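Undergrad: Sending over a structure as structure tokens; questions will come in a sec.
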Amino acid sequence: VPVVFLASAATHYYDFVLKEANFTRLCSSRSMLVVNNSFPGPVIRAYRGDTVFVKVYNEGSYGVTIHWF
């Protein structure tokens, strides 16, 4: 008798805090917008059928858009 595993959808919750921070790369320092104190921002991992909720808190001084692909 074959064993059948049924996948169930999961729900994921993420909080993203956007703020300006000084970053130094290749001996050059500049102010940039970071997500949760990192650049690039955190990875969202989900599978087809999952539900993802993302709360974005913009603590920067200008408006932003976030895109996923």
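Undergrad: Based on Cβ point charges of +1 for Lys and Arg and -1 for Asp and Glu, what charge dipole magnitude is obtained for the chain about its Cα centre, in debye rounded to the nearest 20?
TA: Dipole magnitude for the chain comes out near 160 debye.
Undergrad: Express the accessible area of the chain per residue in Å², computed with a 1.4 Å probe while the remaining protein chains stay in the model. It would help to have the intermediate numbers written out before the result.
TA: Details: 6180 Å² over 69 residues.
With all protein chains present, the chain gives 90 Å² per residue.
Undergrad: Which value, in nm² and rounded to one decimal, describes the direction-averaged projected area of the C-alpha convex hull of the chain?
TA: Working: hull surface 28.8 nm².
Mean orientational projected area (the chain, Cα hull): 7.2 nm².
Undergrad: Relative contact order, percent, of the chain when contacts are C-alpha pairs under 8 Å separated by at least 6 residues? Each step should come with its number before you reach the end.
TA: Details: 86 pairs, mean separation 27.1, N = 69.
Once divided by the residue count of the chain, the mean separation gives 39 percent.
Undergrad: Excluding Tyr14 itself, what net charge comes from residues whose Cβ is under 15 Å from its Cβ, given Lys and Arg +1 and Asp and Glu -1? Display every interim value, and only then the final one.
TA: Details: positive: Arg45, Lys55; negative: Asp15, Asp50.
Net charge in that neighbourhood comes out at 0.
Undergrad: For the chain, what % of the accessible area comes from carbon and sulfur atoms, probe 1.4 Å?
TA: Working: 3540 of 6180 Å².
Carbon-and-sulfur percentage of accessible area, whole number: 57.
Undergrad: Kindly rank 10-17, 55-62 from highest to lowest mean number of other beta carbons found within 10 Å of each residue. Show your work: numbers first, answer last.
TA: Details: 10-17: 12.4, 55-62: 10.8.
Put in order of decreasing packing, that is 10-17, 55-62.
The values are calculated or read from the model by the stated rules, or taken from the named source; none is laboratory data. Given the structure is predicted, the values throughout are model-derived calculations rather than measurements. Here the Cβ is made from the backbone with ideal geometry for all residues, glycine too, and neighbour counts use every protein chain on show. Keep in mind that these areas ignore ligands, DNA and RNA; they rest on the heavy atoms of the full protein, side chains included. Shrake-Rupley method; radii C 1.70, N 1.55, O 1.52, S 1.80 Å.
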